[in-house]
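Enquirer: Please find one structure pasted underneath; my questions will follow.
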Amino acid sequence: MKIDLHCHTKKAKSGDADTRNVNKEVFAQKIMNADVKIVAITNHNLFDYDQFKILSAATQGFCQVWPGIELDVNGTGQKRWHLIVIANPNKLDLFHESIQTLTFNKHPDEGLWTLNEIYSCLSRCDDALYIPHFHKNPGIPDEDMEELRSILRDSWRIFHDAPNYNSLSVFSDHSIDTLVGSDVQDWDKYEECTFTDLRLPVTNYEQFCLLAQRDEPVVNTLLRTKKIHTTEVSPYKDVKFNVDIYEDVNIIFGQKGTGKTEILKSIKTQLLQKGLRCQEYFGSQKEDGFKNYLMTNDMKRDPALVGAELCDSEFLKMGEWEDIQPTPISHYEKWIKTRRNNRNKSTMKITEAVRQISDNHEVLEVVEREYDIVDKNIERVMEINFDSYLSTEESLLLKSLLSKLSSRVTTRLRKELIEKSASELSNFSIDTIKSLADKKTASISKPSTTGYAEFVQKRLELLKVSQKITDNIYGKEYKEKELIGKIEEKGNLYVQKVYRMLGAKSLASEFSHKIRPLQQVQGDLEEIRKKFHAHDIITLVSSVRDLCREERITDARDFLGLSKVIVTENDQLYQPSNGEKGILLLQKALREEADAYILDEPEMGMGNSYIDSTIRPRISDLSKRFKIVVVATHNANIAVRTRPYQSVYRVHNNGQYSTYVGNPFTDELRNISDENDRKSWTQESMNTLEGGKEAFYERKVIYESGN
């Protein structure tokens with residue numbers, strides 16, 4: 001929920017830019033474009049009551065407008081600094097009267113007051129918020145900060161106006177209440193300004209104040225706007241307890257060896273049992289995780305992807321192929337020598353008949369294939385309600401044509417089968433009669449065929465089969481890329497799925513069979529294609545047949561290699577380092593659509609800048625989409641800056657394990673086994689994640705030195 005508690009709508013002081021002036025139409029449109037839900041009008045030393053009413057009405061229904069002012073303060077040692085005061089909109093008139101008293105007869109350029117003067121006039125606004133510039137020019141001196149705390153007494157009413165997000169992150173990480181406002185200079189660029197993103201959405205000023213006071217019932221009410229999943233977790237065997245997990249960010253932190261990883265696994269198991277989709281990342285397992293990601297289990301071994309055919313029928317034909325030898329000359333010699341042995345036989349002209357050579361086998365194969373297509377698909381097509389898509393005339397015509405096609409394909413198949421059977425029956429009859437006549441007459445009939453046509457036909461069949469197979473199992477390749485993640489200075493990296501037929505660069509790991517038998521079969525088939533006319537061709541055919549039987553090679557799928565590699569935008573191979581593998585896997589896990597994201601030490605092997613600039617924002621985005629994010633971490637940017645709805649703190653002390661739960665909004669961690677044992681969320685976060693208060697403030701000084 002974006003809020004802007006430092007917004008200017010008028011050129012109040014002479015040094016202000018004219019572009020701070022805004023009308024109600026632009027104001028409403030810009031607020032809507034920026035998706036700001038609460039805005040406080042804080043002009044310099046001026047509160048324009050009439051303008052406030054107009055702008056408030058203009059944004060009614062989509063943004064709350066709160067009254068405020070930015071005052072010049074005369075501080076310690078005459079040092080001037082700025083203080084923003086914001087009032088309850090329900091006390092608008094009281095605030096207006098108080099400001100009129102304070103600024104009476106003073107032009108905004110002349111405004112300068114002490115803290116006591118300001119509080120004296122505004123004390124009746126007893127829930128007003130005070131926001132001094134903090135480490136931002138002109139900023140409040142330490143002495144004046146102490147005085148402000150002393151005057152107000154309610155520390156929750158004091159926030160700090162930080163100069164930028166860097167400072168905001170350092171201060172707000174540890175409950176130094178800090179805000180960043182737009183301090184808008186030019187309303188044309190309002191959407192480009194920085195805003196505070198409130199983790200718990202509030203509905204009014206009073207609720208905001210209770211949240212600032214860390215009022216536990218209010219915080220719990222706001223937390224429960226997100227669904228809660230109560231899960232049974234087990235950090236160790238025989239140790240079980242329940243933890244509430246929100247559809248938001250949930251952090252598990254604490255000492256090493258306290259079972260945080262096992263708790264994560266328990267949560268994942270419970271969520272899966274509820275039917276929720278889970279993505280996971282375990283920093284300690286990134287090497288194995290990356291190997292698993294590059295496995296090809298999700299790739300389909302389909303020759304069609306590389307433009308190849310299955311060739312299953314060709315492999316079957318190769319396995320069944322038998323050679324035919326031409327009729328020996330000696331058979332003709334015997335016929336000549338014995339043909340006059342029986343006069344009666346010479347009158348039987350059929351004994352000199354020759355076999356018919358069938359030339360329709362190729363046509364028959366085509367018709368059979370087309371019949372199968374029609375037989376399998378026309379009935380399914382007929383199930384479509386044509387009238388939903390076609391006119392009555394078109395529907396009747398289509399049905400008629402489909403029926404006609406089915407009938408004619410069936411008739412054509414019957415015709416080709418009859419011709420084939422007639423030829424086979426005729427040849428069988430000729431051979432049978434000749435055999436019977438030879439037995440009765442002590443002579444040899446004229447050979448039914450020279451065998452040469454059949455010999456050539458068989459060899460051409462072998463050539464066709466071997467050529468079809470080799471054309472489909474050689475040199476074909478297909479690649480497809482999928483974004484896996486982005487590495488700084490290297491750009492986008494992709495996992496490239498490679499489908500390629502067996503070749504010189506192929507690796508044994510690409511295939512489901514041993515690579516050497518595949519290479520042998522491939523080589524023998526190429527030899528068969530080249531030497532199909534050789535007298536000893538059966539040796540090569542037998543080699544292929546035996547290898548295919550032994551290795552269970554049945555079609556072109558067995559020659560299709562599958563692999564995955566990492567490539568750059570320009571398709572150059574890239575080998576990620578161990579740390580980069582973690583980055584890529586984590587990005588992938590957070591990018592995939594799921595109901596829950598389980599992350600174990602995602603910071604392992606990664607720089608803080610990457611975690612804070614890339615991973616933390618992604619986790620926050622998931623929380624806004626009501627996703628469950630559970631992270632076990634030792635990283636302050638993740639554990640603190642994500643503003644978790646639930647923090648689970650694990651402690652080991654004097655041989656005893658304890659579990660505390662809480663959140664930064666109440667600044668409390670409660671022992672789940674002892675209601676009276678409570679710790680400060682801020683203090684434990686600082687000790688566990690920062691190394692203590694001293695280390696935290698050293699970090700603060702380092703950040704400030706850069707500004």
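Throughout, read-outs are computed from the coordinates displayed, never taken from laboratory work. None of the values given here were measured: they were computed from a predicted structure. All Cβ positions, even for glycine, are placed from backbone atoms using ideal geometry, and neighbour counts span all protein chains on display.
Enquirer: Report, to the nearest 10°, how far helix 49-58 tilts away from the longest principal axis of the Cα atoms in the chain, using its own Cα long axis and a range of 0 to 90°.
Expert: On a 0 to 90 degree scale, this one is about 20.
Enquirer: Next question. Order of 394, 320 from fewest to most other C-beta atoms within 10 Å?
Expert: 320, 394
Enquirer: Mind ordering 649-661, 369-381 by average Cβ neighbours within 10 Å, highest first?
Expert: By packing density, highest mean first, the sequence is 649-661, 369-381.
Enquirer: Express in whole angstrom the spacing between the alpha-carbon centres of region 478-525 and region 562-598.
Expert: Measuring centre to centre over Cα atoms gives 17 Å.
Enquirer: Mind ranking 323-330, 51-58, 579-586, 231-238 by how tightly packed they are, going by the mean number of other C-beta atoms within 10 angstrom, highest first?
Expert: 579-586, 51-58, 231-238, 323-330
Enquirer: Over the alpha carbons of region 426-553, what is the largest minus smallest coordinate on each principal axis, giving the biggest first in Å?
Expert: That works out to 96, 24, 23 Å along the principal axes.
Enquirer: Classify region 331-450 from the C-alpha gyration tensor, please: rounded if a/c falls under 1.5, else prolate or oblate depending on whether a/b exceeds b/c.
Expert: Prolate shape, in that a/c is at least 1.5 and a/b is the bigger ratio.
Enquirer: Straight-line reach from residue 486: which lysines have Cα under 25 Å away, leaving out those fewer than 8 places along the same chain?
Expert: Partners within reach: 286, 291, 497, 564, 581, 588, 624, 627.
Enquirer: Can you find, among 65, 32, 465, the residue farthest towards the positive end of the dipole of the chain? Put +1 on the C-beta of Lys and Arg, -1 on that of Asp and Glu.
Expert: It is 465, whose Cα lies furthest towards the positive end.
Enquirer: Please report the net charge: other residues with Cβ closer than 12 Å to the Cβ of residue 617, K and R +1, D and E -1.
Expert: That sum, taken over residues with Cβ under 12 Å, equals +1.
Enquirer: Here is a follow-up. What label, among [x] 28.0; [y] 33.9; [z] 31.8, belongs to Kirkwood radius over Cα pairs in Å computed from the structure on display?
Expert: Looking at Kirkwood radius over Cα pairs in Å for this model, the match is [y].
Enquirer: Going highest first, how would you order 303-310, 459-466, 637-644 by mean Cβ packing within 10 Å?
Expert: The packing order, highest mean first, is 637-644, 459-466, 303-310.
Enquirer: While we're here: What's the FRET efficiency of residue 464 with residue 262 using the Cβ-Cβ distance as r and R₀ = 51 Å, to the nearest 0.05?
Expert: Efficiency at R0 = 51 Å is approximately 0.20.
Enquirer: Work from the charge dipole of region 381-540 (Cβ charges, +1 for Lys and Arg, -1 for Asp and Glu, about the Cα centre) and give the residue of 509, 478, 494 farthest towards its positive end.
Expert: Among 509, 478, 494, the one farthest towards the positive end of the dipole of region 381-540 is 509.
Enquirer: Along the Cα→Cβ direction, 7 angstrom out, place labels at residue 137 and residue 269. What is the inter-label distance in nm?
Expert: 6.0 nm
Enquirer: Just check region 393-493 against the gyration tensor rule for me: Cα atoms, a ≥ b ≥ c as the square roots of the eigenvalues, rounded for a/c under 1.5, and otherwise prolate or oblate depending on whether a/b exceeds b/c.
Expert: oblate
Enquirer: Now a separate question. Given labels modelled 7 Å from the Cα in the Cβ direction, how far is it in nm from residue 536 to residue 242?
Expert: If labels sit at residue 536 and residue 242, their model points lie 8.3 nm apart.
Enquirer: Moving on to the next point. Report the local net charge at residue 607: Lys and Arg +1, Asp and Glu -1, summed over other residues whose C-beta lies under 13 Å from its C-beta.
Expert: My count for the surroundings of residue 607 gives -4.
Enquirer: Another one. For the pair residue 25 and residue 60, what calculated FRET efficiency results from E = 1/(1 + (r/R0)^6), where r is the Cβ-Cβ distance and R0 = 22 Å, to the nearest 0.05?
Expert: With a Förster radius of 22 Å, E is 0.95.
Enquirer: Once you have a ≥ b ≥ c as the square roots of the Cα gyration tensor eigenvalues for region 2-213, tell me rounded if a/c is under 1.5, and otherwise prolate or oblate according to whether a/b is larger than b/c.
Expert: It comes out rounded by the Cα gyration axes.
Enquirer: Another one. Quickly estimate the mean residue ellipticity at 222 nm for the chain, helices only: each DSSP H run with n ≥ 4 gives -39500 (n - 2.57), and the total goes over all residues, rounded to 500.
Expert: Taking each H run of at least 4 residues, the total per residue is -13000 deg cm²/dmol.
Enquirer: Using unit Cβ charges (K, R positive; D, E negative) and no other charged atoms, how large, in debye to the nearest 20, is the dipole of the chain about its Cα centre?
Expert: Dipole about the Cα centre, nearest 20: 4400 debye.
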